[in-house]
Amino acid sequence: MTLLSPHPPGLRITLTDALASPPGDLAHGKELEVRFEALRARLEDLQGALGAEGTRSLLVILQGRDACGKDGAIKGVFGGLNPALLRITSFKRPTTTELDHDYLWRIHQSLPPRGSIGIFNRSHYEDVLPVRVHRLVPESTWRRRYDHINAFERMVTDEGTVIRKFFLHISKAEQRERLNERLENPRKNWKFELGDLKERGAWDEYTAAYQETLERCSTVDAPWYIVPADKNKQRDFLVAEVVVEALEGMRPRYPAADPEVLALRGKLR
């Protein structure tokens with residue numbers, strides 16, 4: 001049983017800053033570290049079984065505002081996994097070639113192969129989030145995309161890919177602190193773009209866009225989870241819990257070895 005529950009389909013939520021703080025009953029300090037290490041060890045085991053089975057895949061989608069910790073969550077939760085069975089895709093601004101196709105074209109190509117875990121750092125939801133906020137297409141265009149996305153995710157699920165989607169929810173005050181840190185830290189200030197300030201200035205518009213996305217696109221087969229992201233270790237623990245639960249629900253199994261192979265035990269020279 002995970003601390004987070006999937007966002008109920010069709011429910012409109014108000015994304016307050018208070019929701020960005022981890023739940024009060026979540027462990028801290030050494031206890032949290034011990035539990036997190038156990039989760040990561042279990043995740044490694046399950047990844048191995050999923051890869052050996054080779055018939056299904058898991059897709060993890062990470063969305064959130066600037067500085068919410070998508071990169072950190074990928075490193076913290078998935079950093080110890082077998083890279084041969086892991087596919088990480090970071091979606092940037094669409095290229096000219098991508099813009100010559102429908103908006104889901106580049107997404108479909110990046111889905112994880114059978115036997116692997118795929119992670120989307122941003123995703124097809126960019127086409128109902130910044131595209132909406134900055135009015136890059138008419139409302140009639142982005143609004144019909146909710147149904148497109150739900151149908152697409154249903155098809156992907158029907159074909160054997162389990163989907164878990166995470167909105168890493170950061171408060172406005174915490175985002176300010178992290179953006180200031182980027183400016184001060186030579187190892188991070190290269191990541192800062194003037195456009196980050198424009199995005200922060202559209203805070204309320206993004207809030208409305210995320211709220212409707214969660215309402216319209218959290219489904220039974222592809223649920224959204226709202227992850228409090230103001231504290232990094234707690235954020236990663238909560239994501240790991242849901243991912244492990246999803247894989248355990250898939251019940252991947254190592255295939256039985258060929259009897260002729262097993263007969264070689266103890267005979268190799």
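For this structure, a couple of remarks:
- Residues of the stretch 242-269 satisfying the condition of being free of Cβ contacts under 8 Å to residues at least 60 places away in the same chain and outside any loop (DSSP other than H, G, I, E, B): Pro259, Glu260, Val261, Leu262
- Leading residue by the ranking (farthest from Val60 (Cα to Cα)) among those in the stretch 207-222 that are in contact with a helix residue (DSSP H, G or I) (Cβ under 7 Å, 6 or more places away or on another chain) and either among the small types (Gly, Ala, Ser) or crowded, with 20+ Cβ neighbours inside 10 Å (or both): Ala209
- Within the option set Leu179, Leu194, being of a type in the set (A, V, I, L, M) and over 23 Å from the mean Cα position of the chain (by Cα) holds for one residue only, Leu194.
- All of Gly64, Gly72, Gly54 fail the test of being touching a Gly at 6+ places or on another chain (Cβ under 7 Å), more than 17 Å from His148 (Cβ to Cβ) and not hydrophobic (A, V, I, L, M, F, W, C), apart from Gly54.
- Number of the exception - Tyr225 against (1) at pLDDT below 95; (2) surrounded by 20 or more Cβ atoms within 10 Å (Cβ to Cβ); (3) not polar (S, T, N, Q): (1)
- Residues satisfying the stated conditions in the stretch 185-199, i.e. assigned to a helix (DSSP H, G or I), out of contact with any helix residue (DSSP H, G or I) (no Cβ under 7 Å at 6 or more places or on another chain) and at pLDDT 75 or above: Leu197, Lys198, Glu199
- Residues being under 10 Å from Pro223 (Cβ atoms) and surrounded by 15 or more Cβ atoms within 10 Å (Cβ to Cβ) - total across the stretch 5-18: 3
- Test: residue in the stretch 89-99 that is over 23 Å from Tyr125 (Cα atoms) and among the aliphatic types (A, V, I, L, M): no
Yes/no matrix, rows are residues, columns are (1) closer than 30 Å to Trp203 by Cα; (2) out of contact with any Phe, Trp or Tyr (no Cβ under 9 Å at 6 or more places or on another chain):
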site: Thr2; (1), (2): yes, no
site: Ser21; (1), (2): yes, yes
site: Leu26; (1), (2): yes, no
site: Gly29; (1), (2): no, yes
site: Leu39; (1), (2): no, no
site: Val60; (1), (2): yes, no
site: Asp71; (1), (2): yes, yes
site: Lys92; (1), (2): yes, yes
site: Leu99; (1), (2): yes, yes
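- Of all residues in the stretch 56-77, those that are on the phi > 0 side of the Ramachandran plot have Cβ atoms under 6 Å from Cβ atoms of residues that are in a loop (DSSP other than H, G, I, E, B), 6 or more apart or on another chain, in Gly69/Ala229.
- Residue count for the stretch 160-205 satisfying the condition of being touching a residue at least 40 places away in the same chain (Cβ under 8 Å) and within 24 Å of Ser110 (Cβ to Cβ): 10.
- If only residues of the stretch 14-46 that are among the small types (Gly, Ala, Ser) and closer than 17 Å to Val242 by Cα are counted, the one that is modelled with the lowest pLDDT is Ala27.
- Only one entry of Glu31, Glu53 meets the criterion of being among the acidic types (Asp, Glu) and exposed (fewer than 13 other Cβ atoms within 10 Å of the Cβ), and that entry is Glu31.
- First in the stretch 1-22 and over 20 Å from Lys233 (Cβ atoms), second anywhere and modelled with pLDDT of 95 or more and loosely packed, with under 11 Cβ neighbours inside 10 Å, Cβ under 8 Å, 6 or more apart: Pro9/Val220
- Inter-residue pairs, beta-carbon under 6 Å, first over 18 Å from Leu168 (Cα atoms) and in the stretch 122-134, second modelled with pLDDT of 95 or more and among the hydrophobic types (A, V, I, L, M, F, W, C), 6+ apart: Val131/Val137; Val131/Trp142; Arg132/Trp142; Arg132/Ala209; Val133/Ala202; Val133/Ala209
- Within the stretch 4-25, none of the residues are farther than 26 Å from Arg253 by Cβ, of a type outside the set (A, V, I, L, M, F, W, C), over 21 Å from the mean Cα position of the chain (by Cα) and part of a helix (DSSP H, G or I).
- Test: residue in the stretch 216-235 that is touching a residue at least 24 places away in the same chain (Cβ under 8 Å), part of a helix (DSSP H, G or I) and of a type in the set (Phe, Trp, Tyr): no
The values are calculated or read from the model by the stated rules, or taken from the named source; none is laboratory data. Keep in mind that what you see is a predicted model, and the values were worked out from it rather than measured. Note: ideal-geometry Cβ built from the backbone for every residue, glycine included; neighbour counts use all protein chains shown.
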